[in-house]
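What follows is one structure encoded as C-alpha cells, with my remarks underneath.
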Amino acid sequence: MVLTLLKAKPETKLGKQICKVVLDHFEKQYSKELGDAWNTVRDILTSPSCWQYAVLLNRFNYPFELEKDLHLKGYHSLFQGSLPYYPKSMKCYLSRTPHRMPSERHQIGNLKKYYLLNAASLLPVLALELRDGEKVLDLCAAPGGKSLALLQCAYPGYLHCNEYNSLRLRWLRQTLESFIPQPLVNVIKVSELDGREMGDAQPETFDKVLVDAPCSNDRSWLFSSDSQKAACRISQRRNLPLLQIELLRSAIKALRPGGLLVYSTCTLSKAENQDVISEVLNSYRDVVPVDIKEMARTCSQDFTFAPTGQECGLLVIPDKGKAWGPMYVAKLKKSWTT
Ligand SMILES: C[S@@+](CC[C@H](N)C(=O)[O-])C[C@H]1O[C@@H](n2cnc3c(N)ncnc32)[C@H](O)[C@@H]1O
C-alpha cells in the first residue's frame, strides 16, 4: 500500500504533516459516530496552530509572578470554585486563544514551576476526587502528567505509579523528579508491571485507581511521521479494546470494595470508550457507574462534550476556542456487595 503524507496547508510553518491513511480511516469512523460535529473536530485536530495549552501551576514551587502575568495575558482559572470537588491547591490556567507558553527547562536543584497540558486531561484526575491519606494507583502513568495533577489535588497516603514501557518509565521518573520535592518522591512507588497483572499482585489494595489507558491517541496518530508504523497501528487498532478491558479488570481487582475507579482515553473511538465500559459493567455485579454529568455541566463554558449515551461517561471534543480533548472519562464504583 502506498501511503501519502499530506501537507496540511495552514501548518507548513509548524512543519507538521497529516498522515492521509490515518485521516481517511478516522473520517470514515468518526463521521458516523459524531455526525456533523466531526467536521469541526477534524478541522481542529488537523490544525495544530489552533491547539491550546493549559498551564498547570506547581504547588511545590508556586510561580506567583507567572500567575499575575497569565492574568494580564487574558488567561483564566479552570473551574475555580464551580465544581463540588475542586481542591484549592490545584491551579490551572487557560486562554481562549491558542497561545502557548514556552516549555520550562529542568534546572538541577530547582523544581519546575508549571506543566503544559491539554486541559481536558484534568477531568479524569478531578473525577477521582482524591483526598489526603488515600491509597491511589495510576495504572498507566507515563509520562506522568496525571500523576503530577493528582499530587496538586491532595497528599495521598500512598501513590503507586505504574508504566509497562521502560523508555516511558524513565520519562515518568523524570517528570516526578522535576516537579515533586524529593521527600514526597521517596514515598511514591514506581513500578514497571504489565498493568494486567496488578490486580493479582495487589488485590483490594487501593481507595482510588486511575486507568488512563493506552488508546488510539487521535491527535498524535494524525501526525504520524512514519506512515508504515501508522498503517500497522491502524490494522492493530481493533485489538485495543481487549487490552483496555483487561486493564480495567485488573484495576477493579486492585480496588478495595467501596473504592472509585476512573477510566480515560484520548481517543474519540466509541469502541475504546463507551463499548469498553459497557462490556465491563455487563460483566460485574459489584461495579456500578457513577454519574458525572454534573461535572460536564459545570465546565461547559470551557469544554464541548459529545453525547455518550452513558451516565458514567463524558467525551470532550475539540471545538473552536475550546480546542481541548479528545478525552473520554468514565467513573465506576466497586460496591460492597458481591
Ligand atoms: C495514555 S498513556 C498514559 C498517560 C499518562 N497517564 C499521563 O497522563 O501522562 C498510556 C500509557 O499506558 C502504557 N501502557 C501500555 N500498555 C500497558 C500495560 N499493559 N500496562 C501498563 N501500562 C501500559 C503506555 O506505554 C502509555 O505510557
If only one of 120, 141, 149 is in contact with a Cys (Cβ under 6 Å, 6 or more places away or on another chain) and within 13 Å of the ligand (Cβ to nearest atom), which one is it? 141
Take the stretch 240-258 and flag every residue that is more than 20 Å from the chain's Cα centre (by Cα), surrounded by fewer than 23 Cβ atoms within 10 Å (Cβ to Cβ) and within 16 Å of the ligand (Cβ to nearest atom). 253
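Give me the residue from the stretch 162-172 that is buried (at least 19 other Cβ atoms within 10 Å of the Cβ) and more than 16 Å from residue 261 (Cβ to Cβ) and, out of that set, nearest to the ligand (Cβ to nearest atom).
Step one: list which residues in the stretch 162-172 are buried (at least 19 other Cβ atoms within 10 Å of the Cβ), which gives 162-164, 169, 172.
Still in the running and more than 16 Å from residue 261 (Cβ to Cβ): 163-164, 169, 172.
Working: 163: 5, 164: 4, 169: 8, 172: 8 Å.
Among residues in the stretch 162-172 that are buried (at least 19 other Cβ atoms within 10 Å of the Cβ) and more than 16 Å from residue 261 (Cβ to Cβ), the one nearest to the ligand (Cβ to nearest atom) is 164.
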All but one of (1) away from the ligand (no atom under 16 Å from the Cβ); (2) at pLDDT 95 or above hold for residue 261, so report the exception by its number. (1)
Given (1) farther than 22 Å from residue 122 by Cβ; (2) more than 10 Å from the ligand (Cβ to nearest atom), index of the condition residue 276 fails: (1)
Where the second residue is within 13 Å of the ligand (Cβ to nearest atom) and part of a loop (DSSP other than H, G, I, E, B) and the first is in contact (Cβ under 8 Å) with a residue 24 or more places away in the chain and acidic (Asp, Glu) and lies in the stretch 181-206, which pairs have Cβ atoms under 7 Å and are six or more apart or on separate chains? 192/163; 192/164; 194/164
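For the stretch 305-337, name all the residues that are among the polar types (S, T, N, Q) and touching a residue at least 60 places away in the same chain (Cβ under 8 Å). Give the steps one after another, and end with the answer.
So the first thing to find is which residues in the stretch 305-337 are among the polar types (S, T, N, Q), and the list is 308, 310, 335, 337.
335, the sole residue that qualifies.
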Can you report the number of residues in the stretch 263-318 which are assigned to a helix (DSSP H, G or I) and in contact with a Ser or Thr (Cβ under 8 Å, 6 or more places away or on another chain)? 3
The lone exception for residue 101 - which of (1) over 18 Å from residue 303 (Cβ atoms); (2) crowded, with 17+ Cβ neighbours inside 10 Å; (3) touching a residue at least 60 places away in the same chain (Cβ under 8 Å); (4) more than 16 Å from the ligand (Cβ to nearest atom) it fails: (3)
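Let's see how each residue does on (1) in contact (Cβ under 8 Å) with a residue 12 or more places away in the chain; (2) part of a helix (DSSP H, G or I); (3) over 25 Å from residue 235 (Cα atoms):
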| residue | (1), (2), (3) |
| --- | --- |
| 24 | no, yes, no |
| 30 | yes, yes, no |
| 33 | yes, yes, no |
| 40 | yes, yes, yes |
| 43 | no, yes, no |
| 52 | yes, no, yes |
The number of residues in the stretch 310-334 that are at pLDDT below 95 and closer than 20 Å to residue 248 by Cα is 3
Looking only at the stretch 220-236, decide whether some residue is touching a Leu at 6+ places or on another chain (Cβ under 7 Å), part of a helix (DSSP H, G or I) and within 12 Å of the ligand (Cβ to nearest atom). no
What are the pairs, 6+ residues apart or on separate chains, where a residue within the stretch 136-163 that is closer than 25 Å to residue 217 by Cα and among the β-branched types (Val, Ile, Thr) has its Cβ under 8 Å from a residue that is more than 6 Å from the ligand (Cβ to nearest atom) and part of a loop (DSSP other than H, G, I, E, B)? 136/128; 136/130; 136/156
Take the stretch 191-219 and flag every residue that is more than 12 Å from the ligand (Cβ to nearest atom) and at positive phi. 204
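The values are calculated or read from the model by the stated rules, or taken from the named source; none is laboratory data. All of these numbers come straight from a predicted model, not from anything done at the bench. Note that each Cβ is placed from the backbone with ideal geometry, even for glycine, and that neighbours are counted across all protein chains shown.
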